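Notes follow the structure.
Coordinate-derived values only; no laboratory data. Note that this is a predicted model, so its numbers are computed, not measured. Cβ placement follows ideal geometry from the backbone for every residue including glycine, while neighbour counts extend to all protein chains displayed.
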Amino acid sequence: MMKDSHSISSANAHAIFILTIAFLALTAALYAPLMSWVIILSVCAVVVRLSVYLGWYTKLPETRTINLLSVLTVIALAWLGWQQGLLLSMVNLLVSACSLKLMIIRTKKELLQLFLSLLFLSGAAFIFEQGVLFVLLYSIILMSLMVGLALQFGSNSSIYYQTKKLTILSLQALPIAALLFLVFPQLPPLWIMPSDQNSASTGLSDTIRPGDIANLSQSSELAFRANFETIVPAPPQRYWRALVLEHFDGEEWTISEQRAKQILRNKAYKKEFSLTPIGQPIDYKVYAEASRALWLFTLDAPIPANKTTQSKIWQTDTFAFRAEQPLLSAIAYDVQSYPSVKLNQTNKRFDQQLNLQLPKKGNPKTREWVETLRRQIPNNKDFAATVLNYFADPVFSYTLTPPLMRGDSIDDFLFEQQQGFCSHYASAMTFILRHAGIPARIVAGYHGGEMLDKQVMSIYQYDAHAWVEAWMDDEGWVRFDPTGVVAPERLTLGLEAALQNKDAFLANQALSLRKFKHISFFSSLRNTLNKVDYFWSRWVVGFDKEQQSDLFETIVGKITPEKLMYLMLSVVAIIALFLFILFAPKLGSNKREPSLTLYLSMVNKLEASSQCVRGTRSPTQYLNEVEPYISIEAFNHAKVITRLFVKSQYTNNIDSNQKSILSKMKYHFRKLNKEI
């Protein structure tokens, strides 16, 4: 057991041990946003504390050592934190502080400080992950923290007893929490999370090199889900727009600086783009996973379906949605998409000027080829169709592992390698169209999706896709997808079907359940987990004012202030009744602990046999008083029962052995009955 110059009780040692394990689990859960050296510091702190707890080491680090580590930590965070952004820097600072505090805990006050810090850190963890499995993990961590606190400040030192008690209390509180979650007003946030533009994003990036999406397609992580209220688009039409890339420097495509400034200027003057809908809409709700990015996912051409969604997003004139804040947690939003709308409701002059930009030099073979072809085909639509047909040549192939493009990448791809992924083909076609004088740009997003049921679609990172939009006179922006020419299976059956080498699909994720869909057990397991996750996303993470209003209307009909008041009073009454049933004493019952009941039964036996009344004597005093009046055998049994009773009632040693103590008391009570 742990010992040093400041002696620590057994309860204290157990409490610190539990807090140590909880901190280790939190560090593992926060692995993604933590810097590597912070993780190393945390692991070192855990190793030090566990070594002391197990008796491998008897001295804690000196205070001056911890002070030196604190100074170095602050310097490191100040030096590297600006790269992480404010939020991630604060999380790294909190984890570092917990690590240092863990290594020097000697008093109850310090233990309480660590407990409160870990409690706050557990809450911060929900910012990054809100999936049902992570919520289950965080719940276990929170329960462990409460057990550790109870061991230190409670009346019992039993881990089993405290865990059982807290579990019962938590289960009793769960229905009340669920009820309050459903009826408590969905208020806007009291504060806004600090923007984290410097943090890495999950999924699509705002900078795309030809091979980036190929790398992303090796991930089976969920990107978002869509719940359709009307028709579900056919597989070839499932183009999920995320962001538009309009600047090319010869190597990579990025969001145009001019476009970014225009968006910021419009937001400053509150000039949001407004689409004029035409035709029948597709109504759906999107549940997007945390990506730490601003872009959202929609079918063309989208508008917010309600005011709640309108308050969350900003609609740009690239027909894309942007979130008001980076997606540090999951988000739900409602969309109406109008597929029959022509994408020409924008500033034509600005769009055309922006999307004819090309580097002045580079890719001479492509430029020469385009100039020759353009002289032969002056019509824009015919020219674009001819370029698509060029990619239909069997020499072009679709692969996740294209060779490295060197030097003039477009020339190398078109005339040498002639194999690549969707971003290779989109990049090449956009370059060709621009050099031919046709405004063109790359749209990055996702294509496809896996049906979870008849109306729910799951879109994964391996569905990432890039295609081309070109300006065609009065039609505006028209979609061209060279991938559909090279590998038509990609648009109808999905990525895996388009690959000649099926083993290349998710090659880096050998344990992904998606890889084992041909095995019925794993396919059923994956489907069940996806449905549970969708239910959680829809009814917990995505529960908003609109869903709450629908719930209230289902219960009380048309919502009025009077009906809301009666509903709230009913909820309060239900909670009060539930608490009364749980905690009100049973009428006529006088429940005692089993050991106390057994001891008092023994006292009644001894009083009847010896005519010696216990009165106010302590158990030991009464045993000594009654000894002359009973047999030696009866006294020995009574002595064992008394000792066990005192141990169970008056010492701080109730543990998992409690049942054994009661069993021994019952055994000696039966023997006592035979002797009296």
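Observations on the structure shown:
- With contacts taken as Cα pairs under 8 Å and at least 6 residues apart, the range 10-179 reaches a relative contact order of 32 percent.
- Charge tally in the Cβ shell below 15 Å around residue 550, where Lys, Arg are +1 and Asp, Glu are -1, residue 550 excluded: 0
- Each residue of the range 303-308 was assigned a 3J(HN,Hα) from its phi angle through the Karplus expression (A = 6.51, B = -1.76, C = 1.60, θ = phi - 60°), giving 9, x, 7, 7, 5, 4 Hz with x at Gly and Pro.
- This ranking places 82, 369 by how few other beta-carbon atoms lie within 10 Å of each, fewest first, which gives 82, 369.
- Put a dot 7 Å past the Cα of residue 569, heading toward its Cβ, do the same for residue 611, and the two dots end up 6.8 nm apart.
- Relative contact order of the range 225-336, pairs being alpha-carbon contacts under 8 Å that are 6 or more residues apart, as %: 33
- The separation of the range 376-448 from the range 309-344, counted between C-alpha centres, amounts to 28 Å.
- Nearby lysines by direct alpha-carbon distance to residue 267 (threshold 21 angstrom, same-chain neighbours under 8 apart not counted): 307, 312, 348
- Ranking 298, 578, 391 by how far each Cα lies toward the positive end of the dipole of the chain (charges on Cβ) leaves 578 at the top.
- Taken along the Cα-to-beta-carbon direction at a fixed 7 Å, the label points for residue 636 and residue 374 span 11.1 nm.
- Angle in degrees between helix 108-128 and the longest Cα principal axis of the chain, rounded to the nearest 10: 30
- Backbone geometry of the range 379-389 corresponds, through the Karplus equation with coefficients 6.51, -1.76 and 1.60 at θ = phi - 60°, to 3J(HN,Hα) couplings of 6, 4, 5, 5, 5, 4, 5, 5, 4, 4, 5 Hz, x marking Gly and Pro.
- Across the chain, Cα pairs under 8 Å and at least six residues apart give a relative contact order of 13 percent.
- Nonlocal amide H pairs with residue 295, under 5 Å, H built at 1.01 Å: 323
- Residues whose placed amide H lies under 5 Å from that of residue 328, excluding near-sequence neighbours: 292
- Ordering of 380-387, 56-63, 93-100, 545-552 by packing [mean C-beta count within 10 Å, highest first]: 93-100, 380-387, 545-552, 56-63
- The range 339-356 - phi-based ³J(HN,Hα) in whole Hz, Karplus 6.51/-1.76/1.60, Gly and Pro as x: x, 8, 6, 7, 8, 10, 8, 9, 6, 4, 5, 5, 4, 5, 4, 5, 9, 10
- Annotation: peptides 320-332, 553-565, 401-413, ranked by per-residue average of other Cβ atoms within 10 Å with the highest first, follow the order 320-332, 401-413, 553-565.
- Using a Förster distance of 30 Å, the FRET efficiency for residue 348-residue 307 (Cβ separation, nearest 0.05): 0.50
- Principal-axis tilt of helix 63-84 within the chain, Cα atoms, nearest 10 degrees: 30
- Straight Cα distances below 13 angstrom link residue 674 to the aspartates and glutamates 633, with same-chain residues fewer than 8 positions distant left out.
- Pairs over the 27 Å Cα-Cα cut-off, from the set 165/666; 605/659; 271/381; 381/454; 531/563: 271/381; 381/454; 531/563.
- All lysines inside 25 Å of residue 59 as judged from Cα atoms, apart from same-chain residues fewer than 8 positions distant: 3, 101, 108, 109
- The overall shape of the range 10-179 is oblate: from the C-alpha gyration tensor, with semi-axes ordered a ≥ b ≥ c, the ratio a/c is 1.5 or greater and a/b is no larger than b/c.
- Shape call, the range 514-651: gyration tensor on alpha carbons, a/c limit 1.5: oblate
- Computed from Cα atoms, the angle from the helix 10-29 axis to the main principal axis of the chain rounds to 10 degrees.
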